[in-house]
1. Run down B:98, B:175 and say which single residue is within 12 Å of chain A (Cβ to nearest Cβ) and not polar (S, T, N, Q).
2. Before we move on, is residue B:82 in a loop (DSSP other than H, G, I, E, B), crowded, with 23+ Cβ neighbours inside 10 Å and under 27 Å from the mean Cα position of the chain (by Cα)?
3. Going through B:60, B:6, B:98 one at a time, which residue ends up being of a type outside the set (Phe, Trp, Tyr), under 17 Å from residue B:157 (Cα atoms) and modelled with pLDDT of 90 or more?
4. Quick check on this structure: which one of B:168, B:222, B:176, B:197 is among the hydroxyl-bearing types (Ser, Thr, Tyr), closer than 27 Å to residue B:18 by Cβ and in contact (Cβ under 8 Å) with a residue 24 or more places away in the chain?
5. Can you find a residue that is within 14 Å of chain B (Cβ to nearest Cβ), over 23 Å from residue A:244 (Cα atoms) and at pLDDT 95 or above anywhere in the range A:210-220?
6. Which condition from (1) surrounded by 18 or more Cβ atoms within 10 Å (Cβ to Cβ); (2) at the interface with chain A (Cβ under 8 Å from one of its Cβ atoms); (3) farther than 22 Å from residue B:171 by Cα is the one that residue B:89 breaks?
7. Pick from B:211, B:159: which is away from every other protein chain (no Cβ under 14 Å), out of contact with any Pro (no Cβ under 6 Å at 6 or more places or on another chain) and either crowded, with 19+ Cβ neighbours inside 10 Å or among the polar types (S, T, N, Q) (or both)?
8. Against the condition assigned to a strand (DSSP E or B), touching a residue at least 40 places away in the same chain (Cβ under 8 Å) and in contact with a helix residue (DSSP H, G or I) (Cβ under 8 Å, 6 or more places away or on another chain), how does residue B:9 come out, does it pass?
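The values are calculated or read from the model by the stated rules, or taken from the named source; none is laboratory data. Values in this document were obtained by computation on a predicted structure and should not be read as measured data. Don't worry about glycine lacking a Cβ; one is built from the backbone with ideal geometry, like all the others, and counts go over all protein chains shown.
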Amino acid sequence: MKKLLSFKWLLTLLLVVITGYFYSKDGVITSSVVSTALIFGLPLALAAMVGIMCERTGIVNIGIEGTLLFSAFVGFFTASATDSDFYGVVAAVIAGTASGVLLAFMSISWKMDQIIAGTIINILATGLTSFLYKQGHTAPTTSEIDIPWLSKIPFFGQVLFMHGPIVYIGLVLIFVLYVALFHTSWGLRSRAVGEHPGSADTAGVSVFKLRYLNVSIAGAVGGLAGAYLSLELVGSWDRGFTAGKGFTALALMIFGRWNPMGALAAAMFFGLTQAVTNQLMFSQIVKIPDQFVNMLPYILTIVVLAISAGKVRPPAAEGQQYEKEQA
Amino acid sequence: MSALLEITNVTKTFPGVVANENISVSVAAGEIVALLGENGAGKSTLVKSVFGMVRPDSGEIRIKGELIAPGDTGGAIARGVGMVHQHFQLVPVMTVTENIILGDEPKRGIFINMKAARAEVIALSEKYGLEVDPDAFVEDLPVGTQQRIEILKALRKDVDLLILDEPTAVLTPQETDELLQVMKNLAASGVGVLFITHKLREVMAVADRVVVLRNGRVAGSTSPKETDEEGLAQLMVGRNVVLQVEKGEAKPEASTLEIKALSVNDDRKHLAVDGLNLEVRAGEIVGVAGVEGNGQRELVEAICGMRPRLSGEVLVSGEATHDMHPHKVHSMGVSHIPEDREKHGLVSSYSIEDNLVLNQFDRDPFAKGWIRNVAALEENATRLVEEFDIRTPSIKTTAGALSGGNKQKVVVARELSQDTRVVIAAQPTRGVDVGSIEFIHNQLIAARDAGAAVLLVSAELDEILSLADRVAVMSGGKIVAILDAKDAERGLVGRLMAGLSA
């Protein structure tokens, strides 16, 4: 545990030094790369929050990919039909919540195997969206909001305060989730339910309700991530365009030890790797075929999982049904 | 005065089993009522109904005259009911404080006020004289301490009725006595106590009234003044039970099992058995007494080849077995009744006849080469079911479908029906009813008299004292004393177990 901790700090220090060095060399490109890292990393971080909220209460959610795809779809086409980015985002969040409620319904009420329930969501999302997809639509996207004063700070201004609205909402959400999980009654109870549901139940906490609540809220967060993808990051929707982000998020959740801050850091590292590679390609410093660059996130996912394998401990009651009555 | 708790005609059925049938029990303020019964008699189900963990099919439960809705745990807590659960309801990765405040956390704004929570836990611990470290993580604490946390959790909200479900199962005799004292103090201050046990000694020591359950029904109600342990046992089992084990003088011969300077690690790679020396002679029972978690499990597993040794030797009739595969150790004549019968003793989804040959299915007469001999299997199973009184519909029934006592009889039958030189019996009667305990004890004595060296490891001091010819007290991974049965007095052994010098 100590080893991993020092590894973490060492890496952070290294990143800071490298960033500082490049910033002194070329401020414009460095700021833009780090800002892009946040833009690439955010959807992964938000998707990892979905996983954390579910798994901390003991529900495995491998349907995040489906939630992203479906909510991005609903968000994009609502925005297109209403000509309003705001309604698009709202619709995406509602769609995400619906997928969360569906997962809760299958895995908590029906006591279905949670892996299968998640798979159903993935298949359903892929099938439905592919079937309903119509080419040639455009939709209004969210526009960048520069925070007054703060966006003028050199480097940090561009990296943190010149983004679309969902980036700000998402970042705040992640910090709120972190504080809530470790410093409020809701967090204590949620973690207890994920570790040992009996302890919560015997203390008068309803395992059933809390699991429903958390999985549904997690769905809403997933909806926001979906809206970000189609309405803020890409500005369009295409079949299967989430490209495994929901699964990568699960790896980041594990690497971040089911801790929102850990997952955020891991997601940002992922985003940075992609941003740096893009920059290197763009400025023709390295010449590698596109295919290899596109493989990068998946290879990193494997590396990340290999590093964390056996070193982390998932919530103990993860994936288990809670039966109140036992003879 | 109306009773504090009134259970009237409660019936609860689980698929295929009637757990409670028309049970009525009441507890008055300041009264200690013991709920006594064999395993599966329905005691836990009944108290879980009171605490809203189980919904009864019919009948009503009133606390201070108020009707409790079925399945309403929060409502029961709000009406002053506290419960200490048989299986600890603690989150291992959280601190003592977090565990105690769970469900009703002190707040500052929307945040948990950890400072206040910690202070509350310390005050609570001092008030009841139950010492705990508020910042320790539960998973790092011994079971005795975890039990204290459970009790503090139950007492936190000034309870009027305290329910304890087999609270003494994992405690040392001293810890048990302390707990019984706490119960008496609580009763004296007006709290009603309902406690479940199958230990007759505890009932006699503290109960004002005893309600005995048998097969889901109230078999009788009495008080310690009107009866004695024999009488209670008879009420519990429904027939005469001989509590005192009758056995002849041991005639020990040559040393069969020798353990020399054995050291073994536990799962967390901490030293659990520390240079232990012990020998067991043919024709004697050596009982290992000790608080659980002092290396007994690791010792047993090392002897049986299930856990690698760090150093030292294990010899069976002079031959080193310490590096052998468990199957090979068994073929050396070492029988093993494992502590966890579900995990190491049986394959629940296999039939009884298969379970009865688990460690010799590949040998004559049960197999010839690759082919199993079904006739021999059936003959063996039919004979053992008869001989060991295993209550089952058929030898084809899966082991998982049996009651705890009968499962254990399957294990005992398999292990003791073979030619054995050494019997390692770990907690052989844990979770087994009084009738079956008597039977298993007699089987162990029969094995001894047939010339086997028997090593009995048990957390039940009474079991050790009544069976063993010599008592080895284990503490901190070492044998701290070996006493002859006649010198092994309860208090002395208890003190040695707790790591105090005699």
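1. Details: B:175 fails: within 12 Å of chain A (Cβ to nearest Cβ).
None of the others qualify; the one that does is B:98.
2. Values: in a loop (DSSP other than H, G, I, E, B): no; crowded, with 23+ Cβ neighbours inside 10 Å: yes; under 27 Å from the mean Cα position of the chain (by Cα): yes.
Here the answer is no, as residue B:82 does not meet what is asked.
3. Numbers: B:60 fails: under 17 Å from residue B:157 (Cα atoms); B:6 fails: under 17 Å from residue B:157 (Cα atoms).
Just a single option satisfies the conditions, and that option is B:98.
4. Working: B:168 fails: closer than 27 Å to residue B:18 by Cβ; B:222 fails: in contact (Cβ under 8 Å) with a residue 24 or more places away in the chain; B:176 fails: closer than 27 Å to residue B:18 by Cβ.
Just a single option satisfies the conditions, and that option is B:197.
5. Step one: list which residues in the range A:210-220 are within 14 Å of chain B (Cβ to nearest Cβ), which gives A:210.
Then keep just the ones that are over 23 Å from residue A:244 (Cα atoms); that gives A:210.
Applying the additional criterion that residues be at pLDDT 95 or above yields A:210.
Yes, the conditions are met somewhere in the range A:210-220.
6. (3)
7. Numbers: B:159 fails: away from every other protein chain (no Cβ under 14 Å).
One residue alone meets the criteria, B:211.
8. Working: assigned to a strand (DSSP E or B): yes; touching a residue at least 40 places away in the same chain (Cβ under 8 Å): yes; in contact with a helix residue (DSSP H, G or I) (Cβ under 8 Å, 6 or more places away or on another chain): no.
In short, no.
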